[in-house]
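The values are calculated or read from the model by the stated rules, or taken from the named source; none is laboratory data. Note that the coordinates shown come from a computational prediction; the quantities given were computed from them, not determined experimentally. Heads up, the Cβs are rebuilt from the backbone with ideal geometry, glycines too, and the neighbour counts pull from every protein chain shown.
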């Protein structure tokens, strides 16, 4: 079962580069199409991280279908395999170039089923046939005499996948439109067909003989327990990859640049685990328990982590855990005769992990509890090689040994309680860090005893914010939907109620008697939107029509003045429920007759008659991530259509990580719109926060009249554009990332 070393240079072995090239190209194409199709779907599906998780669930299901196809194709001779495979390639090519199918849009609340259906119908045929390359080419390679064991080719497959993922945000997305990307992908598909044909020619002797050497190899009996381990060791890293994706994209930006980081690390772990040389995989497996306890201790922290650790910590943890689990999976691989069967069950495990994280968990849990649960499952499965072999010391009495273990567990419980106490003090970060390091040390001493190691990890999670997260669930202050996780928090000291996601404020309301209507957060009287809405009666009369994209806590409703007709567009019914049920009362007390339209705002605005609004505010942030499809030139065109000829468009650009001013500047210039920026520096206000709003109109005169209403407050022109215009088929955030904020400790 071990890998072949020093394989002779037979004719079969000489064809190894050809098979490697075929597998590499297939994998590159496979993982180029994933972010490409997800990017195509943004204008129809929005920018929620769950859209990517739904896409990943589809990809894993299609990958399973491709591996199943390769497995069952292996039951016929190589000659028939080659003929069938080329025929399937030709049939799948009829769906090229890649594009989304015209599927009627599902109603609100059914996105969890409709999104996978849309993506599956759009790329299903080509994805299945291309995904079959990794196992099928390995099988054909192994069919050659003296070809050697094919397992390292799977490492090459995952290197190709990793290269495809990295190439998309760095090369494809910044330089090619979606239409150009699709045709380039179709060209790569044609080249792949040529390489597959050459692989068939390389095995022509086996074809002529009608033999399949792999079928002739002895097949060992595979016990059920071993198959279940294959499934578990595949499912846990797959699910963890998706839960990590949700974590790092929710507070930054839901675009392929960040989507691909966890997936790329996940694939890279396969490359190390399945490589011929085992040194790197063994080293990472050795340190994985240390990383597990240290970085994993933050897995139940629901308030978010600022700075570089918030991005790197979960990614390093995912990479180490996935490498350790995949290394154990590699150690449990069967003989070459069971190659496609092994890959099929491995793919099935990956799909089950994706199903749990992307479909089941959002319906069952009120928070991302799947993330710590998957980490605990990983701790139960990963290899635990003791670094400190104190338990093997000669002369240690059994009673002394048991006492030492009890003391270690008790100390871990005490340190966990200390971490919990530190969570209430803002000035105890260093003390919490030292306490966590001591917990890591105890965890390392208990690695010989897996249940106790898992217990220490759980204690670290509970102390490092997990207790507070559990309290939130027990109190019912947290709500989860397809579009996010919302926490309602009440601060009695400041007399305010907050709606937050991670570290990002969605809105707040004063609970102090008499301040129910007080404007808060980004929407104060001197904010851009506040100034514009205050000028609306002077510009458009007492019967003005106002539209708002993004309800949030409903704060903007208290800018409504008598006689005005207001409409809110909100994608998430859960957010509307906060206002309808009285959690936040802005809408109820300020605009009870306002219309609330549920659904993606851009799609809903397209249904509105032209000239429906005199003023339209775009405030559709999901945490600090941006619905990219709401900030393209085509999206602004939709807003212009919905506005009257002299209407005002207001776009909220407050964001910690992305500088959106040059993006809107480029769009304004292309569409011939006048634009002004209002930065409202509310640093010391109890109720208000810093905000940035851009006002756009068809003519400068409209904005001049708006400014004249409050000449004492400064607006400024936008800085000149510095990049290409964002469109539905082109957008790159790379030039606009505030790296100093992401890297800020």
Can we say residue 737 is crowded, with 18+ Cβ neighbours inside 10 Å, under 26 Å from residue 177 (Cβ atoms) and assigned by TED's automatic domain parsing to the domain that holds residue 530?
no
Could you tell me whether the stretch 719-733 includes any residue that is under 27 Å from residue 544 (Cβ atoms), assigned by TED's automatic domain parsing to the domain that holds residue 610 and modelled with pLDDT of 90 or more?
no
Going by the conditions given, is residue 480 within 26 Å of residue 552 (Cα to Cα), in contact with a strand residue (DSSP E or B) (Cβ under 6 Å, 6 or more places away or on another chain) and assigned to a strand (DSSP E or B)?
no
The residue that is surrounded by the fewest Cβ atoms within 10 Å (Cβ to Cβ), considering only those in the stretch 720-730 that are part of a loop (DSSP other than H, G, I, E, B) and touching a helix residue (DSSP H, G or I) at 6+ places or on another chain (Cβ under 6 Å), is 722
Unique match (being part of a helix (DSSP H, G or I) and without any contact (Cβ under 8 Å) to a residue 12 or more places away in the chain) among 430, 438
430
For the stretch 617-627, does any single residue satisfy the condition of being in a helix (DSSP H, G or I) and touching a strand residue (DSSP E or B) at 6+ places or on another chain (Cβ under 8 Å)?
no
Farther than 26 Å from residue 435 by Cβ and more than 24 Å from the chain's Cα centre (by Cα): which single residue out of 478, 512 fits that description?
512
Return the total of residues in the stretch 663-678 being surrounded by fewer than 17 Cβ atoms within 10 Å (Cβ to Cβ) and in contact (Cβ under 8 Å) with a residue 40 or more places away in the chain.
2
Among the listed residues 669, 678, 656, 686, which satisfies the condition of being outside any strand (DSSP E or B) and touching a helix residue (DSSP H, G or I) at 6+ places or on another chain (Cβ under 6 Å)?
656
Taking the stretch 334-373 on its own, how many of its residues are out of contact with any strand residue (DSSP E or B) (no Cβ under 8 Å at 6 or more places or on another chain), assigned to a loop (DSSP other than H, G, I, E, B) and at pLDDT below 90?
2
So in the stretch 295-313, with the set limited to residues that are in a helix (DSSP H, G or I), more than 10 Å from residue 464 (Cα to Cα) and in contact with a helix residue (DSSP H, G or I) (Cβ under 8 Å, 6 or more places away or on another chain), which one is modelled with the lowest pLDDT?
308
If you take the residues in the stretch 489-504 that are in contact with a strand residue (DSSP E or B) (Cβ under 6 Å, 6 or more places away or on another chain) and within 23 Å of residue 652 (Cβ to Cβ), which one is surrounded by the most Cβ atoms within 10 Å (Cβ to Cβ)?
499
Could you say whether any residue in the stretch 356-364 is in the same structural domain as residue 246 (by TED's automatic domain parsing), over 16 Å from residue 236 (Cα atoms), touching a residue at least 24 places away in the same chain (Cβ under 8 Å) and surrounded by 15 or more Cβ atoms within 10 Å (Cβ to Cβ)?
yes
Which numbered condition trips up residue 706, out of (1) in a helix (DSSP H, G or I); (2) without any contact (Cβ under 8 Å) to a residue 60 or more places away in the chain?
(2)
Quick check: is even one residue across the stretch 445-454 surrounded by fewer than 14 Cβ atoms within 10 Å (Cβ to Cβ) and without any contact (Cβ under 8 Å) to a residue 40 or more places away in the chain?
yes
Kindly indicate whether any position in the stretch 691-710 is within 23 Å of the chain's Cα centre (by Cα), under 18 Å from residue 636 (Cβ atoms) and crowded, with 20+ Cβ neighbours inside 10 Å.
no
Condition first: in contact (Cβ under 8 Å) with a residue 40 or more places away in the chain, within 17 Å of residue 290 (Cα to Cα) and either over 29 Å from the mean Cα position of the chain (by Cα) or not in a loop (DSSP other than H, G, I, E, B) (or both). Can you find one or more residues in the stretch 416-427 that meet it?
yes
